[in-house]
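Just so it is clear, none of the values below were taken in a lab; they were calculated from the coordinates. What you are looking at is a predicted structure, and each value in this text was computed from that prediction instead of being measured. Positions of Cβ are generated from backbone atoms using ideal geometry, with glycine treated the same way; all protein chains shown enter the neighbour counts.
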Amino acid sequence: MSKIRIQLEELRAKSAEELNDILATEREALRALRFKVHTQEIKQVHLVKATRKRIAHILTLLKHATTK
């Protein structure tokens with residue numbers, strides 16, 4: 001199993017409240033990453049894309065949880 005699939009399985013097991021907490025944390029991490037990339041403190045710009053994808057996964061899981 002790939003690392004992303006394992007992370008998704010872990011996210012699916014969480015409640016909506018836990019997902020909202022993780023979402024807030026990830027959004028803050030994305031904000032910090034953007035600042036660090038802009039000020040050239042980090043060279044790993046791929047982390048921004050990975051964080052955005054993780055946020056999208058969480059939002060998708062939240063949307064599916066509310067429609068059920």
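Figure the gain on full extension for residue 25 and residue 5 (residue separation times 0.36 nm, minus the Cα-Cα span) and round it to one decimal in nm. Before the final figure, lay out the partial values.
Values: separation 20, 0.36 × 20 = 7.20 nm, distance 2.03 nm.
Working it through step by step, the gained length comes to 5.2 nm.
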Label-point separation, residue 16 to residue 65 (7 Å along Cα→Cβ), nm = 0.8 nm
Selected from 22, 44, 32, residue furthest toward positive end of dipole (the chain; charges at beta carbon) | 44
For the chain, what is the largest minus smallest coordinate of the Cα atoms on each principal axis, given in angstrom and ordered from greatest to least?
-> 43, 26, 15
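What number, in percent, do you get for the relative contact order of the chain if the mean sequence gap of Cα pairs under 8 Å and at least 6 apart is divided by its residue count? Write down the numbers at each step before the final one.
Working: 27 pairs, mean separation 27.6, N = 68.
41 percent.
Starting with the fewest neighbours, write out 45, 37 ranked by other beta-carbon atoms found within 10 Å of each beta-carbon. Please list the in-between numbers first.
Details: 45 11, 37 15.
Starting with the residue having the fewest Cβ neighbours, the order is 45, 37.
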Whole-Hz ³J(HN,Hα) from phi, Karplus 6.51 cos²θ - 1.76 cosθ + 1.60, for the stretch 13-19, glycine and proline x | 7, 8, 7, 5, 5, 5, 5
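Peptides 48-55, 4-11: what's the order by average Cβ count within 10 Å, highest mean first?
Numbers: 48-55: 14.6, 4-11: 12.0.
Top to bottom by mean Cβ count within 10 Å: 48-55, 4-11.
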Using a cut-off of 13 Å between alpha-carbon atoms, which aspartates and glutamates can reach residue 49, once sequence neighbours fewer than 8 places away in the same chain are excluded?
-> 26
Working out 0.36 nm times the residue gap between residue 38 and residue 50, then minus their Cα-Cα distance, what length gain in nm do you get to one decimal?
-> 2.6 nm
